[in-house]
Amino acid sequence: MIQRLAFSIGCVLIVCPIIAQAAERLDRGLVALCTSDKNVYLGWRVLSSDPADVAFHVYRNMADSESARCLTKEPLRDKTNFIDDAAPHISKVSYFVRAVINGQEVQPSKAIAVSDTPEGMSFIRIKLNGNYDAQMAALGDLDGDGRLDYVIKQPDSNIDPWQKAGVWRKSPGTYKIEAYGHDGKFLWRYDMGWAIEQGIWYSPYIVYDLDGDGRAEVYAKAGEGDPRDPDGKVTTGAEWVVKLDGMSGKILKKVPWPDRSGYAKYNWASRNLMAVAYLDGKQPYLIVQRGTYGQIKVDAYDSQLNRYWRWNSHQEKQRYHGSGMHGLHVADVDGDGRDEIILGSAVLDDNGRGVWTNPMHHKIMAHPDVCYVGDINPNRTGLEIFYGFETAQPRDAVCLMDAGTGKILWGFDGPTRHVHAQGMVADIIASYPGQECYAGEQDGSQYWLYAADGRLINKEKINGLSPRPVFWDADPQKELILSGQIADYKGKIHGRIEGSLCTIADCLGDWREEIITSLPGELRIYTTTIPARTKRVCLMQDRLYRLDVAVASMGYYYPPQLSPR
């Protein structure tokens, strides 16, 4: 089924066909915030089910009135945001929107009140059930009402299993997974227990509606009891994939996690990841992985946690082991409608067989720190992968590959020492077609910013090794989160955020993204209040983007990419 994506600049509406990829039933996501000049900013979603020419009327309700007032003389056709500059008694008003389809108004959205955050503060606050920070935040509709809820992991503490550098230590406590409704209501807490050490590589979890009942479940790695050895390591004991009910946190089912056998080092055996993939092009499957640097094991499960296939890097003739990254990506790299799993510098097909491993692949080229899969160069057909390889290389450690074949399209023609962290892929400069690609050396000796076609733009540091891009203002380019500021690349500052970044996703309002941060005792969902004459389908209904958001609650953070238009 083909849906249409609408995007307008100024008064010009551009409509592009995209594959229908919505896995969730979303509502309009209406948000209302009081701006610094005491007006009310409203933003809402266009859905993939809407016709390209959908328009909207905006209504204001007063608490002491029986009727709502329409604020739009004509339906809004080229944008999905609105400024109410005449709202009396903000605490007493609520708003809703009605879509206009074929000249007729349809059912209203849910009415919402203005957020109770201070005037001019463009965030919604979720109070946590204690004075701690969240390390991760996942999104999913837990109760089936069309609004996205929040599932966090706390505290914000991380122990790495790499002992050589002396970074491993005993866990001081246990991780807790907690669920909060979209309105901030605390729902439940699940203690991961002493069998899960307090580091991100031991404790993956993911939120998604695999069984198709309209309510998201929570999936996590689990153990039993307290199997720590005298040093504090967990090297024995049962290991499980658990399925938790999204509304109660109750364990619904568990199946074995890929086992520890065959790993030469505790560090290698302690790397665990999860993802969701549409392996048949229709239904979501759960992907669980053990291993990054040495042997890699992957199991795929259906919605009832029946194993769909199993893969081990040793079963391939080529060297697939050691090809993992610090996360997982899922994308349809061959255009057959079914998702492949991007382990790092290797790709598994939807049937659990190897597609390709890095054609330059050898022991020291296997592991990338930087890895993004998306429509990086729109002048090419299909998807590309931008890489930054960790171990010193004579050339091509920073490169762009064709996602379907692993062919190197362009690369840095020079030696590297240790390309590190997550880098960045985002369209931040309008004058260069496609997305810009950024990476740097751990020691700060080299930085690269490339255009999508391989032109080197500059070799300047962009606020570190992993600047975070976000759709925020009114233009099609992304802004960057730089030292707590949201700013154009070498340009205007649009605002500030506080707290540690948990995730970026289009979870509220129009197609521009929200920035979710954590501070002691609260989660903040920052959302733009900048008016924009743009109309675009909710990004969470793009399958590649949605699955990138799903994996943001485990591993290192790689901001989400979009499918080709």
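For the set Lys127/Lys461; Lys170/Lys459; Lys38/Lys478, the pairs lying more than 32 angstrom apart at their alpha carbons are Lys127/Lys461; Lys170/Lys459.
In a DSSP loop and with at most 10 other Cβ atoms within 10 Å, the trypsin sites (Lys or Arg not before Pro) in the range 125-177 are Lys164. The residues of the chain expose on average 38 square angstrom of accessible surface per residue, using a 1.4 Å probe on protein heavy atoms. Counting only heavy atoms of the protein chains and using a 1.4 Å probe, Glu316 has close to 40 Å² of accessible surface.
With the full set of protein chains in place, find how many percent of the accessible area of the chain is carbon and sulfur; take the probe as 1.4 Å.
It is 49 percent, rounded to a whole number.
First select every other residue whose beta carbon is under 12 angstrom from the beta carbon of Thr236; then total the charges, Lys and Arg +1, Asp and Glu -1. Write down the numbers at each step before the final one.
On the way: positive: Arg228, Lys233, Arg260; negative: Glu224, Asp226, Asp229, Glu239, Asp259.
My count for the surroundings of Thr236 gives -2.
Sorting Met136, Met247 on solvent-accessible area from highest to lowest, probe radius 1.4 Å, gives Met247, Met136. Close amide-amide hydrogen proximity is noted between Met136 and Lys153, each under 5 Å apart and 5 or more residues distant or on a separate chain (H modeled in the peptide plane; Pro and chain starts excluded).
The 3J(HN,Hα) values that the Karplus relation (6.51, -1.76, 1.60; θ = phi - 60°) gives for the range 524-534 are, in residue order, 10, 10, 7, 9, 5, 10, 7, x, 8, 8, 9 Hz. Gly and Pro appear as x.
Taking max minus min of the alpha-carbon positions on each principal axis, the range 328-415 gives extents of 38, 29, 18 Å, largest first. The distance from the alpha carbon centre of the range 299-376 to that of the range 414-446 is 23 Å, rounded to a whole number. A straight Cα-to-Cα reach below 21 Å connects Lys250 with the lysines Lys153, Lys176, Lys185, Lys221, residues fewer than 8 places away in its own chain not being considered. Restriction of the trypsin sites (Lys or Arg not before Pro) in the range 240-290 to DSSP coil positions whose beta-carbon has at most 15 other beta-carbons within 10 angstrom yields Lys250, Lys265, Lys282. Converting phi to 3J(HN,Hα) with the Karplus coefficients 6.51, -1.76 and 1.60 and the offset θ = phi - 60°, the range 254-269 yields 9, 9, x, 7, x, 7, 7, 5, x, 9, 6, 9, 4, 4, 5, 6 Hz in sequence order, with x at every glycine or proline.
For the range 145-233, the list of GluC sites (Glu not before Pro) that fall in a loop by DSSP and count at most 13 other C-beta atoms within 10 angstrom reads Glu224. Based on alpha-carbon atoms, the Kirkwood radius and the radius of gyration of the range 468-565 give Rg/Rh equal to 0.94.
Each principal axis of the Cα cloud of the chain was taken in turn, and the coordinate range along them, longest first, works out to 70, 53, 42 Å. Only helical runs count toward this figure. For the chain, summing -39,500 (n - 2.57) over DSSP H runs of n ≥ 4 and dividing by all residues gives -500 deg cm²/dmol at 222 nm. Between Leu187 and Ala179, Tyr180, Gly181, the built amide H atoms are under 5 Å apart, and every one of these is 5 or more places off in sequence or on another chain.
When the Cα atoms of the range 264-310 are enclosed in a convex hull and the volume is divided per residue, what value in Å³ results?
On the way: hull volume 3.4 nm³, N = 47.
Cα-based convex hull of the range 264-310, divided per residue, equals 71 Å³.
In the range 32-173 the Cα-Cα distances spread across 10 Å bins starting at 0 as 9, 28, 28, 17, 9, 7, 2 percent of all pairs.
The values are calculated or read from the model by the stated rules, or taken from the named source; none is laboratory data. Note that the structure is a prediction, hence the values are computed from the model and not measured. Positions of Cβ are backbone-derived with ideal geometry, glycine not excepted, and every protein chain shown enters the neighbour counts. The area values use the complete protein model at the heavy-atom level, side chains included, leaving out ligands, DNA and RNA. Shrake-Rupley method; radii C 1.70, N 1.55, O 1.52, S 1.80 Å.
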